[in-house]
Every structure is written in structure tokens, then in C-alpha cells.
Amino acid sequence: MPVLFLTGSTGALGGAIRAKFLEEGWNVAGFSHEDDGLIHEHYRFYAVDATNEPSIEQAFTQATRDLGTPRVLISTIGGVRPWKTVSEMPIEDFRFLFELNLASFFIAAKQAMRLMSGEGTIISIGAEPALSPSAKKGGYVAAKAGVITLTKVIAEEGKSIGINANCIVPTVIHTKANEEWGSPDEIQKWTKPEDIAAMCLFLSSEAGKAVNGATIRMPNRM
């Protein structure tokens, strides 16, 4: 039975990906800061600090003992801070955005690549503003652009060891948190977590092995 390592497994997007892969018969190791209490015979939860490498290394090692060698890593951890111009943004916010969005992916990918044996797939989650930057999003845009670029580097480095890597880039994901600021017309156009989960499953399949180093845009629905 193939094994998925999923960071951010208890978030809105992580939860949808987790459900999709469990439905398809995968073993899923979920990593997040807080457990949402899901009980499933093929799911194990591990509490981690995603920006702390020893925390991830220990949890990934234990998950490999419990469930087996990871076939796929999907990194969904990310977040924002209130939008500010570069001249207004505290350096603490800038560093926070890089730690949460970029460093968390780097750490997870690094540890997963050490564990993957002969084949593997790594999937990151970017953001549309990183491809079309706008004002007041400097820290977030820079961090997510780093995620996209780092994924391409991993795709190149993975060629010799059977690992491919791709980045899914949605616009706005339809989550409860985002509903708090979106209008009804906007919300109905947002990308559903289930659609991203389906793309992740395809990229994790045999057919998906033909895709490597891609930036896969998933824009809002028309």
C-alpha cells in the first residue's frame, strides 16, 4: 500500500487531500501542529513544528517505521499576515512568512527525499500572486515564489534518484476562513480543495510520473 506524507493534514486543503488519498486506499501520515481527531485505520497523525527541522526529522522517521517509506510528499503548510507595503512591513512579519511558507516546504522536502527509495513524488502549493505580484503582498509573494522555484530545483535534482516534483498554483482556495472576506459572487468562483486534491492524486499516479518541474495553475472558476 503506497504511503503519503502530508504536511498541514488538518487544514482545509490538507483535510481534502487526506480524504481523497484515504478513499483511494493509501496509507497517510499527517503532520500538523494540532490534531483534528480523525480516526482511520490507514491514517496516523504526528504533531510537529513544521518550521523546526529536528521536529520534522523525528516525526518523518517515526512515520516511516509505522507506515513505511513515503511514496509521495505533499506540503500544504502556508499562511499570510496583514497586507502591508514593503516600507511598512516589520522584518518580523517578513521572516515569519518565509519560515511558514518556504522554510516549512524546504525542511519537509529535504527529509522526504532522504527517505524516498528509488521513486517518489513531491508536490508543493504555490499561489497565483507569486506569478502576478501586486502591491502590499511583498513577503507572501516572495515566499511563494521561492516555493515555486525550489520545486523546480528539486525536480532537477530528483531526476537522478527517481523523484519528480511539481507545484500546484491556485488563486483563492475555497475555505471557511476565506469565506469571511469573500463576496458570494467571488466565493462561487474559487478553487475547491477537492479539485486540488484530485490534481495531487493524478500527479501521484503512474501517469503523473511523466510530469516533472511543472507549475500547474488552477485559476478561479469562470
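Structure values in brief
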quantity: Count of residues meeting criterion [crowded, with 22+ Cβ neighbours inside 10 Å and either part of a helix (DSSP H, G or I) or free of Cβ contacts under 8 Å to residues at least 12 places away in the same chain (or both)] in the stretch 112-130; calculated: 2
quantity: Unique residue being surrounded by 15 or more Cβ atoms within 10 Å (Cβ to Cβ), part of a helix (DSSP H, G or I) and modelled with pLDDT of 95 or more when the list is GLU92, GLU99; calculated: GLU99
quantity: The stretch 70-89, residues that are within 14 Å of LEU6 (Cα to Cα) and part of a loop (DSSP other than H, G, I, E, B); calculated: PRO70, ARG71, THR76, ILE77, GLY78
quantity: Hey, SER104 of a type in the set (S, T, N, Q) and more than 14 Å from the chain's Cα centre (by Cα) or not; calculated: no
quantity: Residue that is surrounded by the fewest Cβ atoms within 10 Å (Cβ to Cβ), among those in the stretch 32-78 that are in contact with an Asp or Glu (Cβ under 6 Å, 6 or more places away or on another chain) and under 26 Å from GLY158 (Cα atoms); calculated: SER55
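Yes or no, residue by residue, for (1) open to solvent by 20 Å² or more (accessible area, probe 1.4 Å); (2) aliphatic (A, V, I, L, M); (3) at pLDDT below 95:
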position: ILE154; (1), (2), (3): no, yes, no
position: GLY158; (1), (2), (3): no, no, no
position: VAL172; (1), (2), (3): yes, yes, yes
position: PRO193; (1), (2), (3): no, no, yes
position: ALA207; (1), (2), (3): yes, yes, no
position: PRO219; (1), (2), (3): yes, no, yes
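The values are calculated or read from the model by the stated rules, or taken from the named source; none is laboratory data. Here the structure is a predicted model, which means the values were calculated and not measured. Using ideal geometry, Cβ is built from the backbone for each residue, glycine included, and neighbour counts are taken over all protein chains shown. Quick note on the areas: whole protein, heavy atoms, side chains included, nothing else; ligands and nucleic acids left out. Shrake-Rupley method; radii C 1.70, N 1.55, O 1.52, S 1.80 Å.
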